[in-house]
Amino acid sequence: MPCRYQLIDAFTREAFSGNPAAVVYLEADDSRVGDATFMLNVAREYNLQETAFLVPLTAQDDGDRSVPRYSLRWFTPVQEFPLCGHATLASAHSLFSTEHPGATRLRFDTMSGTLEAEKLADGRIELDFPADVGVLDAANKDELKSLRAMAELAIPGSSDAIKHIVLGKLGVIVQLDRNFDLQNATVDAISLKSSSRYFIFTQAFEPKSSSIYSRVFDGAEACPEDPVTGSAHCMLAPYYLSPDSPGFTSLFPASSGTTRPLPDTLQARQGGPRQGVLEVCWRREDGRVKLRGHAVTVMDGTLHA
């Protein structure tokens, strides 16, 4: 049964930048809806960081309006993934542009629970994701030592620049000194392959700013560098915005120990040769992260498989 797809660049205003994702539409009665092997084969065919699969579900009443609801699954060319920001943004952009141009909100049923997307007045899309506050917990020192060795091997000459290493559910945060040239660094992602987590190399910009820069690598994936990673920023938000975290004091040194309102928003840029930008807001009260960004449709097509 043929099905349509779109290729969308997420977290960017311009085509051929940001993070590309394929968005595949399946009808509710399609026999392939629950077929993970089919979805993995399709993801391998596209060979992108992520391919999203959408299946329409019965809309739920949301006060005085109906919110379109979809099942959403994410696949890399290697595996199904539990959480993906850029492919969710791409899915929301596709739905707002084609299926639901009059809607302002969407709801997705996913492996990571119910996620929502909202169309903002400035054209951006805001995603509501769970924060990974596990990055604020103490980790096993031997494991951290091993991960540091892997990070140093991946980026030769980075040993003195590594300030902190922390663990999240999906990733490892490696904070580098802001003077280290991370953007132009050559990274041997294969040396990270033995880790069950991806690596987030990150650094704060100028002191007292809310700007961060990151690059993300997963040596086990066919495309080892991910240009813009939403799930990584679900870790970076509490890491940089919690006053008890080393990331906070490096980003807001003048705010440490004061009674001024805590900052809750980051301006984030990610990627090496290909980059994207997003705004990240951490809601401490309920442990959620808001990811805001643009997306651009690059291609439409039909999948004959």
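The figures follow:
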read-out: Gain in span if fully extended, S209 to D142, counting 0.36 nm per residue against the direct Cα distance; value: 20.8 nm
read-out: Relative contact order computed over segment 133-286 (Cα-Cα under 8 Å; 6+ residues apart), in percent; value: 20 percent
read-out: Largest to smallest principal axis extent of the C-alpha atoms in segment 133-286, angstrom; value: 44, 34, 31
read-out: Mean Cβ neighbour count within 10 Å, used as a protection proxy, ranking 289-295, 111-117 highest first; value: 289-295, 111-117
read-out: Helix 85-94 axis, angle to the chain major axis (alpha carbon atoms, nearest 10°); value: 30 degrees
read-out: Size of electric dipole in the chain: Cβ of Lys, Arg +1 and of Asp, Glu -1, about Cα centre, debye, nearest 20; value: 560 debye
read-out: Lysine pair number, Cα distance threshold 21 Å (strictly under), segment 133-286, separation 8 or more or different chains; value: 8
read-out: Length gained when the stretch R283-Q79 is fully extended (0.36 nm per residue, less Cα-Cα span); value: 70.4 nm
read-out: Cα→Cβ-extended label distance, 7 Å offset, between L303 and E99, nm; value: 1.3 nm
read-out: Inter-label distance for T58 and D188, nm, one decimal - labels placed 7 Å from Cα along Cα-to-Cβ; value: 5.6 nm
read-out: Gain upon complete extension [R197, S66; 0.36 nm per residue less C-alpha separation]; value: 43.4 nm
read-out: Binned Cα-Cα distance frequencies in the chain - 20 Å width, integer %; value: 34, 56, 9, 0
read-out: Packing rank of 161-167, 229-235, where each peptide gets the mean count of other beta carbons within 10 Å, highest leading; value: 229-235, 161-167
read-out: Tilt relative to the chain, helix 141-154 - C-alpha long axis, 0 to 90 degrees, to 10; value: 80 degrees
read-out: Check: segment 133-286 dipole with +1 on Lys, Arg Cβ and -1 on Asp, Glu Cβ, in debye; value: 160 debye
read-out: For segment 133-286, with +1 on Lys and Arg beta carbons and -1 on Asp and Glu, the positive-most of V174, P261, S191 along the dipole; value: P261
read-out: Charged-residue dipole, Cβ positions (Lys, Arg, Asp, Glu), segment 129-189 about Cα centre, Debye nearest 20; value: 120 debye
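Bear in mind that the values in this text are calculations on the coordinates, not laboratory data. Because the structure is a prediction, the values reported are computed rather than measured. Quick reminder, even Gly has a Cβ in these numbers, built from the backbone with ideal geometry, and neighbours come from all protein chains shown.
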